[in-house]
Amino acid sequence: MSSLTEQSHLVAGDPRLLTGALCLLVFMPWNLPLWWQLRRLRRAIEVDCDARVLNAGHDVNRYGETLLEVGQRHSAFLAAWPQCLNRSHSWNRG
């Protein structure tokens, strides 16, 4: 089911749209409204992708469970980073 979401992003051209928005930010990182618009764009892309997948006739419950599972894996991965960065190594001890 996750691959359906990724395929939907590709077919709709979402990566190109995000790349264009990120290019604008590279050239104007001080522009706070652009950062705000990027956040809104990313949310709109995800909502639109969900609608495309569900309108294609896929089961709402199964799709929701898949999104929750992927989100939990992503959250667990992000939660592990501070532990890795703060871990003291034997070569750092005096």
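The values are calculated or read from the model by the stated rules, or taken from the named source; none is laboratory data. All figures in this text were calculated on a predicted structure; none of them were measured in a lab. Methodologically, a virtual Cβ is constructed for each residue, glycine included, from the backbone with ideal geometry; neighbour enumeration extends over all protein chains shown.
Considering only residues in the stretch 44-54 that are buried (at least 16 other Cβ atoms within 10 Å of the Cβ) and among the aliphatic types (A, V, I, L, M), the one that is farthest from Leu22 (Cα to Cα) turns out to be Val53. Whenever a residue of the stretch 1-23 is assigned to a helix (DSSP H, G or I), its partners that are surrounded by 15 or more Cβ atoms within 10 Å (Cβ to Cβ) and basic (Lys, Arg), lying with C-beta atoms within less than 6 angstrom and at least six residues away or across chains, give the pairs Ser8/Arg52.
Does Val53 qualify as being part of a helix (DSSP H, G or I) and free of Cβ contacts under 8 Å to residues at least 12 places away in the same chain? The answer is no for Val53. Can you tell me which residue in the stretch 3-43 is modelled with the lowest pLDDT, limited to those that are surrounded by 13 or more Cβ atoms within 10 Å (Cβ to Cβ) and under 13 Å from the mean Cα position of the chain (by Cα)? Step by step, filter the stretch 3-43, then rank; the result is Thr5.
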